[in-house]
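Below: one structure, written as structure tokens.
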Amino acid sequence: MRRSLPAVVLSVGLAVAVAVSVPATRAAGDTTAGELADAVRAKIAAKTVTQAGTEVNVMRTDGADWAFGAGIARALPVAGAYPEGWLFVAHRESKQWTVAFEGEAAFPTLTAAAPEKVVPGAEKQVLATHGAATPKLAADTAKPLANGDFRTGMRLPWAVGQTWRYTGGPHGGTRQSVDLAGGDGRVLAARGGTLYVMCSSQRGWLRVAHDRGYSTDYYHLEGNRTDNGVTVGEGAFLGNIGVDVSCGGSATGPHVHFSLRQNGVYVGIAAHNFGKWQFYNGSAEYQGTALHGSTQIGTGGSMYNYGALGFTQGIVDTNGGGVLNRRSGPGTNFGIVGTVPDGNTVTISCSANGTTHTGRFGYTTAMWNKLTDGSWISDAYTWTGTGNPVNGWC
């Protein structure tokens, strides 16, 4: 069930252009940072309006007609303000710079065509999944969206087995982020991917691009890594919780501002699973809850990192605690062969239809999941991230 090289830094003022490419005025082969910056600024202006200026962080070039980096819309240094940024690839042809941001149809095409010194092969494979697609926007309520697939394969951004504090519920545009603090303060990658440093200061804000078009952002870090474009594994060290505001915003105490993106835009973090917990929105920003099985916490609560939920796994949610009966077949007309406790992780072999049940948030389904031990449980009481079979029909 579903309930989702050192950088060349160009700091510039408020962008007003709206074009997506800017004519080059020097001979081909002569990389001109000002013209490239203008082209990136034009793209930022077409995406958003910023009162705090922009930054163009060129991470790599071929010294001629290709560049890769990040375009940043800075935030004001006030509470409730958040920077926004996009990875970009740029190509100059016929005396024009054309820029594609992640999430645009041209982005995977241009990254694939870029020279290896600008976008290496390993990055091309990851970024190929970050083109245009309809993003999954989670609802403002806790109820699941029909036909959604909110599986992430991600853990919480700290060591498995540690307990941290849930200090801020979903907030920011689309309620894309949560605040997390505590433990040993070491922020780790929620899933493997490619690491990028977003701010021109090289401090504070990292992005990891994952598969399935997902990215995770980590802001306010201190002592963070600065090795752009490297492949990192799940659990790789990224930095320490902190109060850095190099790209704007504010922080009153050390924490990580953890955000979710897909296909080049921030998406609601609600209903997605991290470390076998789902976040859900509250009635206002920074409020909300987190759910593991039937265990629910509010802001200020403690979260134990159980590790990533596999794509063919589920979490038992009896919608009240206790145990769930395991049956010999897909329905209550089959005999009970055992139980599984609320909050336990199960691995699913396949699914079939049987008797209908209703679980949390009014989720009603006739689907049952066959577990690896041969027993069956209703999908109504199994959080998987989707209302469809996660390992095919039996």
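The values are calculated or read from the model by the stated rules, or taken from the named source; none is laboratory data. Just so it is clear, the structure is predicted and the values come from calculations on it, not from any experiment. Using ideal geometry, Cβ is built from the backbone for each residue, glycine included, and neighbour counts are taken over all protein chains shown. Accessible surface is based on the protein model in full, side chains and every heavy atom, while ligands, DNA and RNA are left aside. Shrake-Rupley method; radii C 1.70, N 1.55, O 1.52, S 1.80 Å.
Around the Cα centre of segment 64-223, unit charges on the Cβ atoms of Lys, Arg, Asp and Glu (plus for the first two, minus for the last two) sum to a dipole of about 220 debye. Starting from the Cα of Ser349, step 7 Å toward the Cβ, then list every residue of segment 376-390 with an amide N under 12 Å from that point. Output list for this probe position: 376-377.
Here the chain exposes an accessible surface that is 52 percent carbon and sulfur, computed with a 1.4 Å probe and the other protein chains kept in place. In segment 40-128 the Cα-Cα distances spread across 5 Å bins starting at 0 as 3, 15, 24, 22, 16, 10, 6, 3, 0 percent of all pairs.
Protection proxy ranking of 195-205, 270-280, by the mean of other Cβ atoms within 10 Å over each peptide's residues and highest first, is 270-280, 195-205.
For segment 311-393, the square roots of the Cα gyration tensor eigenvalues, ordered a ≥ b ≥ c, give a/c below 1.5, which places it in the rounded category.
Working note: Debye formula, equal point scatterers on the alpha-carbon atoms of the chain, no solvent; log10 I(q)/I(0) at q = 0.06, 0.08, 0.13 Å⁻¹ is -0.26, -0.44, -1.01. Over the chain, accessible surface divided per residue gives 36 Å², non-protein components excluded, 1.4 Å probe. Computed from the C-beta positions of Phe311 and Thr129 and an R0 of 22 Å, the FRET efficiency is 0.90 to the nearest 0.05.
Modelled spin labels at Tyr304 and Thr356, positioned 7 Å past Cα toward Cβ, are 3.7 nm from each other.
Shape of segment 236-346 from its Cα gyration tensor (a ≥ b ≥ c, root eigenvalues): rounded if a/c is under 1.5, otherwise prolate when a/b > b/c, or oblate? Here segment 236-346 falls in the prolate category. The modelled label-to-label distance between Ala112 and Glu285, using points 7 Å beyond Cα along the C-beta direction, is 3.8 nm. Just the Cα atoms of segment 285-342, one point each, no solvent: what log10 I(q)/I(0) does Debye give at q = 0.16, 0.19, 0.23 Å⁻¹? These q points yield log10 I(q)/I(0) values of -0.67, -0.84, -1.04.
The helix-only estimate of mean residue ellipticity at 222 nm for the chain, built from DSSP H runs of length n ≥ 4 each weighted as -39500 (n - 2.57), is -2000 deg cm²/dmol after division by the residue total.
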